[in-house]
């Protein structure tokens, strides 16, 4: 494992990434060029060789020219490599790249939300991986260290986790115990679970329309193109998924094309959702998602997954909810002991599931439930509620009911207390307004962190 520190002027103190990094960063472009060359020039060159009666010596010279061109490309890439690296300092991690224009990005350890190791398709062939450092803020706020040998990437991840301030440091200091939270998910369960997702079934049904009607096949293209990435992402994020708990940190490993090792500190988890899609009730399967500071919406393909359990049994889902807390799985799903229930008048706006709409409030968390065909249970750490919205439409006002929206950091789902009796809704709002907020210096509640740019674009 190479951990040498650069001595190049301007790069003092920086550790170099792997020499293949410049080429791997543009491997899709190089592959496209190679594909174009193969399909457009192979046969003309073959016919020219036959027509001109080219000998072995001329062919050898041609191969030598190709090898020389590749050598030149590699040599040029090394100029970029010499000016690229990263530095793990006492207070922050820093990356640097660029030849004509230098770009330096840094993030303080007390602002880091998560550290992941990602093995993309092409780098994985060469035993390489990247380290992604997530920070709360915009989609561009993450820092990537690309690429390192797999063992070195894992070592860098653990170094960074050890330097993160607050509860994440318990990874090494407070609780060294390790336990399996979610055993490897069987591949057939990932495939069947994806197949019985509403988006998959809708895509298949829409693709069958040309077979039943006179509609042109071109009409299905926008739908298929729109839903296929979503379906693929579901498969990729549940493929060979495992989760372990080490102290106050959850470690997730998953991925088909891009293998990823993700660390999720408990203090960064603001809300939990336990959900059972409609067709998963046939198998008794559940999924557990969380809202994590710094990850944002899963529509951002660069962020890690927000699912601690993509598809699993009730026992597995209950174990995950119990590990996250503050409510247990039994407490979250116990509707009989709920503090508030939607009144009978709510049947006019929620005719299917009004009997299952409940709200429970204790000193640590607020829980909301809904859904009859597909069921979901949501739990929020009360200190992590950013804002409250009391909403009442014209029909709700006439029926004497209202909704409460619980505003959180951007995440995979939203939380709302639906169709509550007016007086109960105001009572819940009053309780939450009196909640104890974390100090403004708590890094888990920083609104935004964008790594600074120096001397660059």
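The values are calculated or read from the model by the stated rules, or taken from the named source; none is laboratory data. For clarity, every value in this text was computed on a predicted model and none was experimentally measured. So basically every Cβ, Gly included, is an ideal-geometry build from the backbone, and we count neighbours across all protein chains shown.
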Q) In the stretch 321-330, which residues are in contact with a helix residue (DSSP H, G or I) (Cβ under 8 Å, 6 or more places away or on another chain) and assigned to a helix (DSSP H, G or I)? A) 321, 322, 324, 329, 330
Q.
Given the condition within 25 Å of residue 158 (Cα to Cα), at pLDDT 65 or above and either exposed (fewer than 11 other Cβ atoms within 10 Å of the Cβ) or touching a helix residue (DSSP H, G or I) at 6+ places or on another chain (Cβ under 9 Å) (or both), answer yes or no: does some residue in the stretch 27-36 qualify?
A. no
Q) Would it be correct to say that residue 183 is at pLDDT 75 or above and exposed (fewer than 15 other Cβ atoms within 10 Å of the Cβ)? A) yes
(Q) Being closer than 29 Å to residue 200 by Cβ and modelled with pLDDT of 90 or more is the requirement here; does residue 320 meet it? (A) yes
(Q) Can you pull out every residue in the stretch 268-284 that is crowded, with 21+ Cβ neighbours inside 10 Å and either in a helix (DSSP H, G or I) or without any contact (Cβ under 8 Å) to a residue 24 or more places away in the chain (or both)? (A) 268
Q | Extreme residue, farthest from the chain's Cα centre (by Cα), among residues of the stretch 302-324 that are in contact (Cβ under 8 Å) with a residue 24 or more places away in the chain, over 16 Å from residue 280 (Cβ atoms) and surrounded by fewer than 19 Cβ atoms within 10 Å (Cβ to Cβ) | A | 323
Q) Can you name the strands (runs of 3 or more DSSP E) wholly within the stretch 340-426 that have at least 3 residues being without any contact (Cβ under 8 Å) to a residue 24 or more places away in the chain and closer than 30 Å to residue 197 by Cα? A) 401-407
Q. For the stretch 70-161, which strands (runs of 3 or more DSSP E) that fit wholly inside it have 2 or more residues that are within 23 Å of the chain's Cα centre (by Cα)?
A. 92-97, 103-108, 112-119, 128-135, 143-149
Q.
Yes or no: the stretch 237-244 includes at least one residue that is in a helix (DSSP H, G or I) and either farther than 24 Å from residue 287 by Cβ or modelled with pLDDT of 70 or more (or both).
A. yes
Q: Evaluate the stretch 385-405: report whether one residue or more is closer than 18 Å to residue 326 by Cβ and buried (at least 22 other Cβ atoms within 10 Å of the Cβ).
A: no
